[in-house]
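Here the structure comes first, spelled out in structure tokens, and everything after it is commentary.
Nothing in this text is a laboratory measurement; each read-out follows from the coordinates by a stated rule. Please read all numbers here as calculations on a predicted model, not as lab measurements. Here Cβ is always computed from backbone atoms with ideal geometry, including for glycine, and neighbour counts include all displayed protein chains.
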Amino acid sequence: MTSLTYLDNLALAVDGQWLGAAGRETRAVHNPATGDVIGQLPMATPAEIDAAIDAAARAFPQWSQRSAWNRDAILRKAAALIDARRDRLAALLTMENGKPLADSQGELDRVIETLQFCAEEGKRAYGRVMPPRAPGLSQTTIKRAIGPIGAFVPWNFPAVLAIRKVAAALAAGCTVVLKPAEECPAVCIELVRALHDAGVPGGALNLLFGDPAQISSRVIAAPQIRKISFTGSVAVGKLLAEQAGRHLKPVTMELGGHAPVIVFDDVDPVRAAAACTAFKFRNAGQVCLSPSRFYVQEGIYEAFMQAFVERARGLQVGDPFDSRTQMGPLNNPRRLEAATALVDDARRRGAQVRAGGARIGERGNFYAPTVLTEVSEDAELMQEEPFCPVAPIAAFASMDEVVAKANDRSVGLAAYGFTNRLDRANEFSERIEAGWVGINNFTPALADAAICGMKESGLGHEGGPEGLDAYLHSKFVSQSSRPV
Ligand code: NAD
């Protein structure tokens, strides 16, 4: 349980000034577990959006010219401050997002790791020295910060997804205009506060909330902004990439997926089902890497499905502040409606509901962990990213058949295979069209591993050394030491 009941920290940060809700247009923030209004979020005006962009542009020369060692010290200090404040931050995150408190603490662990990793990596933004084409020539590639950037992040992992962009951009020497999701503002506000407290100048990290389309269109069109980074749905990603294309601005797009899990008949079906349920229902299925289609080889289908159903039914769903809770509510009513519509559509097409299949109670956005079988491949659930706690399970006969089904989507973010046979593991990793592959395990996004979705799941990398590189420009310099 928490003593927190109201988000009293909601504010924008423009050029180091915190602008609260008093006397301006606001938007209500809701607790997903109760539906109660828990805060009023100020909405940025067009003038404030422009002021944030100008501030990021003014702060850029000074921030980018600091040494990487100085930026490293500041980012490390921010990591330490976040660690010291973690209990309050975890409570804010659980209250506005709905994930269990232990998961919020886990997300903060990854925030801290990401800050530390990016701080270090900034010191390794080496260029390249080429063998000169003639005596007296020095020919090098040097890496320099790309400029002020616009970053847009969603509500499912509001803390770590914001920090993956902000830490890499700041470590590279870029300045930032950040727009998190309006559904989960409080934890991002505290992350920005910690970065400011640690020494990031106010103008180097600005924070906006408001009308998403208005903010993104102004930020993308502003000539001062040199790069756009977005995490969210394919539909919004395409829209923003199209707008950025008009201004020839580079983009990093971390978009959705529809991750297949292929369970071959040489594994223990009960152990595989235990691993699959634990990851499937994490964050109530609202994870871009979430397993969302389960294909199980015929010989073990029944045993796997029974074990999966039993575990799904046994999950503790409820108050995310209760330490026994394994799954909290969905974040917002839109996801609740989406879960209901996907299950209704699958049912109409002949699916069998083996577990769950309905909302829990009338208060909050709770939806039961749900397992469906006999789901037609053309059901909406099999075609669009579910982003909810609904798991379809189907049987397959051969590698060729299942790889064809798994790859037959416009997205390719993550895919998972369970097998003890090396030949199957190798063939699966080779043939599967996904940027993130798990064999016999599920790994959440790591600070040091780059994610780069295939097909419509994304453009460019986030995480790892490549994630820092996304905020750097490589400049070729050929310099002669001969007098002219
Ligand atoms: P949504 O499309 O209404 O909003 C998704 C997010 O995009 C929100 O945070 C919103 O503020 C932002 N957004 C919307 N329009 C924008 C614009 N023009 N400019 C900038 N930002 C904009 O849908 P939703 O119900 O919140 O989520 C539904 C879908 O979003 C899911 O099906 C899932 O595919 C996707 N999603 C993906 C991720 C991810 O990590 N890849 C995270 C959250 C949501």
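Each Cα pair under 8 Å and six or more residues apart adds its separation to the average, and for segment 324-379 the resulting relative contact order is 37 percent. Modelled label positions at Asn9 and Val129, each set 7 Å beyond Cα in the direction of Cβ, lie 4.6 nm from each other. Note on Gln306 and Ala47: their simple-model spin labels are 7.0 nm apart, each label 7 Å out from Cα toward Cβ.
If the chain linking Asp423 and Ser410 were pulled fully straight, counting 0.36 nm for each residue of separation and taking away their Cα-Cα distance, it would gain 2.0 nm. Ordering 285-297, 40-52, 451-463 by mean Cβ neighbour count within 10 Å, with the highest value first, yields 285-297, 451-463, 40-52.
Taking a Cβ cut-off of under 14 Å around Arg128, the surrounding Lys, Arg, Asp and Glu residues balance to a net charge of +3, with basic ones at +1 and acidic ones at -1. Under the simplified labelling scheme, the Asp266-Thr26 pair shows an inter-label distance of 6.1 nm, with each label point 7 Å from Cα along Cα→Cβ. For Gln17 and Asn441, what is the calculated FRET efficiency with R₀ set at 41 Å and r taken between the beta-carbons, to the nearest 0.05? Efficiency for this residue pair is about 0.35. Across the chain, C-alpha contacts under 8 Å between residues 6 or more apart give a mean separation that, scaled by the residue count, equals a relative contact order of 18 percent. Restriction of the chymotrypsin sites (Phe, Trp or Tyr not before Pro) in segment 66-131 to DSSP coil positions whose beta-carbon has at most 15 other beta-carbons within 10 angstrom yields Tyr126. Using only side-chain charges placed at the Cβ, +1 for Lys and Arg and -1 for Asp and Glu, the dipole size of segment 99-257 relative to its Cα centre rounds to 940 debye. Counting beta carbons within 10 Å around each of Val437, Val111 and listing the fewest first gives the order Val437, Val111. Extension gain, Glu374-Ala84: 0.36 nm per intervening residue step, less the Cα-Cα distance, totals 99.5 nm.
Between beta-carbons, use under 12 Å as the cut-off and find the net charge around Leu472, counting Lys and Arg +1, Asp and Glu -1.
After counting each charged neighbour, the total is +3.
The charge dipole of the chain, taken about its Cα centre with unit charges on the Cβ atoms of Lys, Arg (+1), Asp and Glu (-1) only, comes to about 1700 debye.
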